[in-house]
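A.B. asks: Before anything else, here's the structure in question.
The values are calculated or read from the model by the stated rules, or taken from the named source; none is laboratory data. These numbers were taken from a predicted model, which means no experiment stands behind them. All Cβ positions, even for glycine, are placed from backbone atoms using ideal geometry, and neighbour counts span all protein chains on display.
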Amino acid sequence: MFLLVAKAPPTFWLSSAGYDHRGLVNLKFRQSSAFVKPNSQSSFSNSAHASTESYTPTALEAKNYIDVELNNSRKIVKFCEVGDLKNAIELLCSSQNSNLDLDTYCVILQLCAEQKSIRDGRRVHSIIESNEVVIDGILGAKLVFMYVKCGDLREGRMIFDKLSEKKVFLWNLMISEYSGSGNYGESINLFKRMLELGINPNSYTFSSVLKCFAAVARVEEGMQVHGLICKLGFTSYNAVVNSLISFYFVGRKVRSARKLFDEMSDRDVISWNSMISGYVKNGLEDRGIEIFLRMLVFSVDVDLATMVNVLVACANMGTLSLGKTLHSYSIKAAAALDRDVMFNNTLLDMYSKCGDLNSAIRVFERMDEKTVVSWTSIIAGYVREGLSDGAIELFNEMKSRGVLPDVYAVASILHACATNGNLNSGKSLHNYIRENNLETNSFVSNALMDMYAKCGSMRDAADVFSHMKRKDVISWNTMIGGYSKNRLPNEALSLFAEMQRESKPDGTTVACILPACASLAALDKGREIHGYALRNGYSKDKFVANALVDMYVKCGLLVLARSLFDMILNKDLVSWTVMIAGYGMHGYGSEAVSAFNQMRIAGIEPDEVSFISILYACSHSGLLDEGWNFFNIMKKECQIEPNLEHYACMVDLLARTGNLARAHKFIKTMPIKPDATIWGALLCGCRIHHDVKLAEKVAERIFELEPENTGYYVLLANIYAEAEKWEEVQKLRTRIGQRGLKKNPGCSWIEIKGKVNIFVAGDCSKPQAKKIELLLTRLRSKMKEEGYSPKTRYALLNADEREKEVALCGHSEKLAMAFGMLNLPPGKTIRVTKNLRVCGDCHEMARFMSKDTKREIVLRDSSRFHHFKDGYCSCRGYW
């Protein structure tokens with residue numbers, strides 16, 4: 001609570017004391033004896049009882065002494081008037097034993113302040129103290145002023161605190177200087193102390209202190225200051241009201257700011273600019289532009305700040321037409337704004353952000369003066385348009401012209417390297433950063449880590465991270481997100497645990513770590529992070545909400561994912577795409593189609609990624625007609641040119657539904673050259689429908705394109721094995737051996753009580769290995785009794801049926817499912833994840849287990865989800 005002072009209206013000490021722009025100089029103190037202690041060496045004594053050894057000067061000698069003092073004072077003042085501080089100081093030092101006029105000290109201190117000569121100012125202070133001049137009043141104020149303006153706020157404060165009387169000017173000076181140094185709290189403390197002492201603030205006080213309350217987000221206390229402003233009658237001062245408007249905008253009290261503006265009877269250009277700037281900074285650019293148009297209607301003369309603020313609004317909104325109009329106005333304006341470097345930098349940035357790079361280049365080339373901001377803006381424009389190589393060339397040209405890149409220019413180029421995956425250029429820039437000692441800047445280090453992460457070099461990113469002395473939340477998020485995106489989920493989770501010990505995760509952290517949980521299908525960990533998000537209010541963040549939906553989708557809880565999706569108030573394209581892809585992964589093609597149609601009805605237009613999701617969903621549910629319909633909508637209605645992923649989905653759709661010849665013909669008529677993924681989709685179809693001849697033709701095409709990809713050799717081996725062509729299987733194995741290729745080992749994992757248990761095919765080292773083997777043997781016996789026959793063709797062995805059965809029992813997904821049976825409570829859903837495609841025999845085993853044990857099994861393989869319940873699977877044979 002502020003102490004409201006019931007005194008007379010505030011006096012303007014600055015003006016009533018006769019200050020000019022140089023401060024306290026004009027005050028004349030002729031009664032200097034009031035401020036000077038008697039000096040035993042120079043005092044005049046007429047006492048009859050004086051010592052016989054003392055000397056009493058004559059009247060002439062006394063007059064000469066005074067004349068010398070006055071003469072020296074005049075000379076010092078004249079030196080100061082012409083800015084000759086050196087001679088003024090020399091004369092002062094030679095006269096330091098004299099009782100100079102206070103004006104002389106004040107004038108020379110003023111010059112020390114103007115020239116920011118702290119060394120000379122301290123010499124003057126020393127002479128004042130040696131002459132035992134009382135430091136108070138005008139002299140004390142001038143000393144404070146000198147120290148503060150010369151950058152020694154600490155010494156200035158010490159003198160300030162000792163002054164017996166401090167006028168409002170001095171309080172304002174100290175409040176302003178503490179604010180300028182970033183110590184807003186001390187400015188506020190001084191303001192409160194000022195009120196407690198009964199000193200009434202003036203308009204400058206309020207303007208200064210409101211900035212401090214805004215800077216430290218103390219909105220409630222700032223509103224109390226507003227009350228004091230009203231009580232003391234300062235609401236008619238434009239400077240004060242303008243500061244209040246800015247304060248409310250910083251505090252996001254937009255309505256309060258607008259109310260003040262509407263109530264102003266005499267708005268100046270600063271008032272209008274404060275409104276435009278405030279709206280823009282609060283993300284309400286359209287309202288800022290509306291204020292600007294009203295400004296023009298009322299014929300208010302715009303200035304540079306007006307134009308810059310409106311251009312920023314245009315840049316943020318992408319309003320190119322208005323931006324061009326403002327550019328034309330600036331060319332015609334008498335003020336010649338188009339020659340101002342700040343205006344041109346903002347104009348350049350506007351064109352760049354609005355996607356008109358050619359206009360941005362023209363502005364840049366016509367600029368008489370190009371600052372580092374100009375170069376950074378044009379570089380950022382190139383990066384934004386995907387012209388990373390051009391951005392790097394500009395960066396090199398900038399350095400060759402002697403313009404030293406700042407941290408923003410360096411970060412822009414790092415972003416360019418990250419965008420085009422140019423790791424070599426990124427490493428070269430890293431060397432430049434080291435040479436110029438820029439790595440100590442956290443902004444640069446974070447951009448470096450981001451570049452390495454996006455170029456797939458997490459080892460280099462980790463090296464930068466480990467050498468950072470101060471890691472902010474962005475540093476942690478960059479690394480966690482990098483690990484997640486580079487398929488290193490365990491590293492991401494480990495770093496997240498470390499972060500919690502050293503820093504507080506924010507909403508972005510949650511959005512970065514959830515994909516790692518999704519990748520591992522670590523449901524317990526995902527739920528734990530969901531709880532953290534709820535407790536800290538992050539779940540309302542759209543990025544977090546979308547990541548939560550994706551996590552639950554990939555952990556197999558589709559119903560909960562849909563429930564969270566429905567709770568998102570403003571669903572964006574990402575929200576819908578995640579849900580459509582989720583339905584596709586779980587084999588609910590019809591639901592995916594329905595969600596896609598609902599998205600379009602909601603007015604959200606699909607992009608390339610959302611079309612991949614719906615085509616994938618149709619493929620994994622056998623919805624041939626629907627898939628073709630969406631493919632045509634994409635090309636004809638949405639004017640999106642299909643890329644290789646879209647074509648791969650269509651080939652997969654045709655192949656899975658048995659249209660192998662049609663899929664083969666489709667590939668041959670594609671307008672772009674098919675890659676191994678396209679042919680691989682057809683090869684998978686050949687396996688499903690046992691077409692060995694076509695598989696051989698397709699495989700040879702694939703081996704030409706990707707001769708080192710072991711997966712396709714194994715896929716063809718599977719096709720041969722299922723057809724019992726063992727000689728061909730052996731030839732392929734020999735071919736693989738000759739090339740030195742290795743098959744990725746199959747592994748499965750299951751999370752129980754927060755611990756991830758990993759199983760590898762044939763692994764008998766687990767503590768419960770014997771129990772798992774007995775359980776699987778018993779289940780297989782029951783399967784045979786009920787007519788289930790082992791799919792021994794999936795054993796990929798040229799051996800007898802018994803050996804094949806033994807081999808099949810050791811498949812990793814069976815081991816994980818059996819482990820879940822043994823360790824999870826009855827009725828608890830078993831959730832298993834596998835790094836490869838589930839084999840047919842394991843699929844049959846899971847179906848039987850779900851029926852026999854009366855519990856649901858959710859198996860996620862590299863392709864999709866399989867929900868087993870009561871002997872049925874959600875995939876319906878499409879996997």
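A.B. asks: Among the residues of the stretch 648-661, which ones are touching an Asp or Glu at 6+ places or on another chain (Cβ under 9 Å) and either closer than 22 Å to Pro606 by Cβ or outside any helix (DSSP H, G or I) (or both)? Show your work before the answer.
C.D. replies: Start the filter on the stretch 648-661 by keeping residues that are touching an Asp or Glu at 6+ places or on another chain (Cβ under 9 Å), which leaves 648, 660.
Of everything in the stretch 648-661, just one residue is touching an Asp or Glu at 6+ places or on another chain (Cβ under 9 Å) and either closer than 22 Å to Pro606 by Cβ or outside any helix (DSSP H, G or I) (or both), namely Ala648.
A.B. asks: Here's a follow-up. Within the stretch 352-366, is even one residue touching a Gly at 6+ places or on another chain (Cβ under 7 Å) and among the aliphatic types (A, V, I, L, M)?
C.D. replies: Yes.
A.B. asks: Quickly run through the stretch 319-349 and pick out the residues that are at pLDDT 90 or above and in a loop (DSSP other than H, G, I, E, B).
C.D. replies: Within the stretch 319-349, just Thr319 meets the criteria.
A.B. asks: Taking Met458 and the conditions (1) within 18 Å of Ser377 (Cβ to Cβ); (2) more than 17 Å from the chain's Cα centre (by Cα), which numbered condition does it fall short on, given that it satisfies the others?
C.D. replies: For Met458, the failing item is (1).
A.B. asks: Sticking with this one: Any residue in the stretch 259-283 that's free of Cβ contacts under 8 Å to residues at least 60 places away in the same chain: show its pairings with residues that are charged (D, E, K, R) at Cβ separation under 8 Å, as long as the two are six or more apart or on different chains.
C.D. replies: These pairs meet every condition: Phe261/Arg267; Val269/Asp301; Val269/Asp303; Asn273/Asp303; Met275/Arg258; Tyr279/Glu285; Tyr279/Arg287; Asn282/Arg252.
A.B. asks: Tell me which residues, restricted to the stretch 284-316, are in contact (Cβ under 8 Å) with a residue 24 or more places away in the chain and outside any helix (DSSP H, G or I).
C.D. replies: Once the filter is applied, which keeps residues that are in contact (Cβ under 8 Å) with a residue 24 or more places away in the chain and outside any helix (DSSP H, G or I), the stretch 284-316 yields Leu284, Val300, Asp301, Val302, Asp303.
A.B. asks: What's the total number of residues in the stretch 545-588 that are part of a helix (DSSP H, G or I) and either of a type in the set (Val, Ile, Thr) or touching a His at 6+ places or on another chain (Cβ under 7 Å) (or both)?
C.D. replies: We begin by selecting, within the stretch 545-588, every residue part of a helix (DSSP H, G or I); these are 545-554, 558-567, 573-585.
Subsequent filtering for residues that are either of a type in the set (Val, Ile, Thr) or touching a His at 6+ places or on another chain (Cβ under 7 Å) (or both) retains 548-549, 553, 558-559, 574, 577-578, 580, 584.
Total satisfying the criteria: 10.
A.B. asks: Right, something else. Mind checking which helices (runs of 4 or more DSSP H) fall wholly inside the stretch 662-769 and carry at least 2 residues that are within 26 Å of His811 (Cβ to Cβ), in contact with a Leu (Cβ under 8 Å, 6 or more places away or on another chain) and in contact (Cβ under 8 Å) with a residue 60 or more places away in the chain? Give the derivation first.
C.D. replies: On the way: elements: 676-688, 692-705, 710-722, 726-739.
The qualifying helices (runs of 4 or more DSSP H) are 710-722.
A.B. asks: Please go through the stretch 421-452 and give me each residue that is under 15 Å from Ser466 (Cα atoms) and polar (S, T, N, Q), ordered by number.
C.D. replies: Result: Thr440, Asn441, Ser442, Ser445, Asn446.
A.B. asks: Within the stretch 486-513, which residues are assigned to a helix (DSSP H, G or I), closer than 17 Å to Phe465 by Cα and among the polar types (S, T, N, Q)?
C.D. replies: Once the filter is applied, which keeps residues that are assigned to a helix (DSSP H, G or I), closer than 17 Å to Phe465 by Cα and among the polar types (S, T, N, Q), the stretch 486-513 yields Ser494, Gln500, Thr509.
A.B. asks: Go over the candidates Cys80, Cys106, Cys93, Cys112 one by one and state the one that is in a helix (DSSP H, G or I), surrounded by fewer than 18 Cβ atoms within 10 Å (Cβ to Cβ) and either hydrophobic (A, V, I, L, M, F, W, C) or touching a strand residue (DSSP E or B) at 6+ places or on another chain (Cβ under 9 Å) (or both). Lay out the reasoning, then the answer.
C.D. replies: Details: Cys80 fails: surrounded by fewer than 18 Cβ atoms within 10 Å (Cβ to Cβ); Cys106 fails: surrounded by fewer than 18 Cβ atoms within 10 Å (Cβ to Cβ); Cys112 fails: surrounded by fewer than 18 Cβ atoms within 10 Å (Cβ to Cβ).
Step by step, each of Cys80, Cys106, Cys93, Cys112 is checked, and only Cys93 is in a helix (DSSP H, G or I), surrounded by fewer than 18 Cβ atoms within 10 Å (Cβ to Cβ) and either hydrophobic (A, V, I, L, M, F, W, C) or touching a strand residue (DSSP E or B) at 6+ places or on another chain (Cβ under 9 Å) (or both).
A.B. asks: Considering the stretch 479-511 alone, what residues qualify as being aliphatic (A, V, I, L, M) and in contact (Cβ under 8 Å) with a residue 12 or more places away in the chain?
C.D. replies: Going residue by residue through the stretch 479-511, those that are aliphatic (A, V, I, L, M) are 479-480, 488, 492-493, 495, 497, 499, 510-511.
Met479, Ile480, Leu488, Ala492, Leu493, Leu495, Met499, Val510, Ala511, listed by residue number.
A.B. asks: Still on this structure, I have one more. Here's a check for you: in the stretch 599-644, which residue that is polar (S, T, N, Q) and closer than 19 Å to Asp675 by Cβ is farthest from the chain's Cα centre (by Cα)?
C.D. replies: Ser619
A.B. asks: Moving to a separate point now. Out of Ser425, Ser442, which single residue is modelled with pLDDT under 95, more than 18 Å from Ala391 (Cα to Cα) and either touching a strand residue (DSSP E or B) at 6+ places or on another chain (Cβ under 9 Å) or surrounded by 16 or more Cβ atoms within 10 Å (Cβ to Cβ) (or both)?
C.D. replies: Numbers: Ser425 fails: more than 18 Å from Ala391 (Cα to Cα).
Going through Ser425, Ser442 in turn, the sole match is Ser442.
A.B. asks: Could you pull out the residue among Glu263, Glu220 that is more than 27 Å from the chain's Cα centre (by Cα), at pLDDT below 95 and more than 26 Å from Ala313 (Cα to Cα)?
C.D. replies: Numbers: Glu263 fails: more than 26 Å from Ala313 (Cα to Cα).
From the options Glu263, Glu220, the qualifying one is Glu220.
A.B. asks: Taking only the stretch 588-615 into account, find how many residues are surrounded by 24 or more Cβ atoms within 10 Å (Cβ to Cβ) and at pLDDT below 95.
C.D. replies: Count: 0.
A.B. asks: Would you confirm whether any residue within the stretch 170-187 is under 20 Å from Lys231 (Cα atoms) and out of contact with any helix residue (DSSP H, G or I) (no Cβ under 7 Å at 6 or more places or on another chain)?
C.D. replies: For the stretch 170-187, residues under 20 Å from Lys231 (Cα atoms) and out of contact with any helix residue (DSSP H, G or I) (no Cβ under 7 Å at 6 or more places or on another chain): absent.
A.B. asks: Scanning the stretch 529-544 for residues that are of a type in the set (D, E, K, R) and part of a helix (DSSP H, G or I), which turns out nearest to Ile830 (Cα to Cα)?
C.D. replies: Step one: filter the stretch 529-544 for residues of a type in the set (D, E, K, R), giving 535, 540-542.
Okay, now just the ones that are also part of a helix (DSSP H, G or I), so 535, 542.
Working: Arg535: 28, Lys542: 31 Å.
Selected residue: Arg535.
A.B. asks: What about Ser164, is it among the hydroxyl-bearing types (Ser, Thr, Tyr) and part of a helix (DSSP H, G or I)? Spell out how you get there, then give the answer.
C.D. replies: Details: among the hydroxyl-bearing types (Ser, Thr, Tyr): yes; part of a helix (DSSP H, G or I): no.
No, not satisfied.
A.B. asks: So, one more: Can you name every residue in the stretch 356-403 that is in a loop (DSSP other than H, G, I, E, B) and either under 20 Å from Cys417 (Cα atoms) or touching a His at 6+ places or on another chain (Cβ under 6 Å) (or both)? Steps first, answer last, please.
C.D. replies: The first filter runs over the stretch 356-403 and keeps only residues in a loop (DSSP other than H, G, I, E, B), leaving 356, 367-371, 385-387, 401-403.
Those that are in a loop (DSSP other than H, G, I, E, B) and either under 20 Å from Cys417 (Cα atoms) or touching a His at 6+ places or on another chain (Cβ under 6 Å) (or both): Glu385, Gly386, Leu387.
A.B. asks: What is the one condition in (1) assigned to a helix (DSSP H, G or I); (2) closer than 19 Å to Lys162 by Cα that Ile135 does not satisfy?
C.D. replies: Among (1) assigned to a helix (DSSP H, G or I); (2) closer than 19 Å to Lys162 by Cα, Ile135 violates only (1).
A.B. asks: Here is a further query. Of all residues in the stretch 328-348, count the ones that are out of contact with any Ser or Thr (no Cβ under 8 Å at 6 or more places or on another chain) and either of a type in the set (Val, Ile, Thr) or within 18 Å of Val373 (Cβ to Cβ) (or both).
C.D. replies: Selection size over the stretch 328-348: 6.
A.B. asks: Is it the case, given these coordinates, that Asp506 is touching a Pro at 6+ places or on another chain (Cβ under 8 Å) and farther than 17 Å from Lys755 by Cβ? Break it down stepwise before answering.
C.D. replies: Details: touching a Pro at 6+ places or on another chain (Cβ under 8 Å): no; farther than 17 Å from Lys755 by Cβ: yes.
The answer is no for Asp506.
A.B. asks: Let me confirm something: among Gly386, Gly318, Gly355, Gly323, which residue is surrounded by 21 or more Cβ atoms within 10 Å (Cβ to Cβ) and either hydroxyl-bearing (Ser, Thr, Tyr) or touching a helix residue (DSSP H, G or I) at 6+ places or on another chain (Cβ under 9 Å) (or both)?
C.D. replies: Working: Gly386 fails: surrounded by 21 or more Cβ atoms within 10 Å (Cβ to Cβ); Gly318 fails: surrounded by 21 or more Cβ atoms within 10 Å (Cβ to Cβ); Gly355 fails: surrounded by 21 or more Cβ atoms within 10 Å (Cβ to Cβ).
When all the criteria are applied, what remains is Gly323.
A.B. asks: Being under 25 Å from Leu296 (Cα atoms) and hydroxyl-bearing (Ser, Thr, Tyr) is the filter; apply it to the stretch 223-260 and report the residue that is modelled with the lowest pLDDT.
C.D. replies: Here the residue is Ser236.
A.B. asks: Another question about this same structure. Among the residues of the stretch 739-755, what is the count of those that are among the aliphatic types (A, V, I, L, M) and touching a Ser or Thr at 6+ places or on another chain (Cβ under 9 Å)? Full working, then the answer.
C.D. replies: If we filter the stretch 739-755 for residues that are among the aliphatic types (A, V, I, L, M), which is where we start, we get 741, 750, 752.
Filter again for touching a Ser or Thr at 6+ places or on another chain (Cβ under 9 Å), leaving 741, 750.
Qualifying residue count for the region: 2.
A.B. asks: Could I ask something else about it? Hey, any hits in the stretch 455-463 for a residue that's in a helix (DSSP H, G or I), over 18 Å from Gly426 (Cα atoms) and of a type in the set (Lys, Arg)?
C.D. replies: We begin by selecting, within the stretch 455-463, every residue in a helix (DSSP H, G or I); these are 458-463.
If we keep only those that are over 18 Å from Gly426 (Cα atoms) too, we end up with none.
Scanning the stretch 455-463 turns up no residue that is in a helix (DSSP H, G or I), over 18 Å from Gly426 (Cα atoms) and of a type in the set (Lys, Arg).
A.B. asks: Can you name every residue in the stretch 149-170 that is free of Cβ contacts under 8 Å to residues at least 12 places away in the same chain and either closer than 20 Å to Asn202 by Cα or aliphatic (A, V, I, L, M) (or both)? Show your work before the answer.
C.D. replies: Narrowing the stretch 149-170 to residues free of Cβ contacts under 8 Å to residues at least 12 places away in the same chain: 154-155, 158, 161.
Listed by number, the list holds a single entry, Met158.
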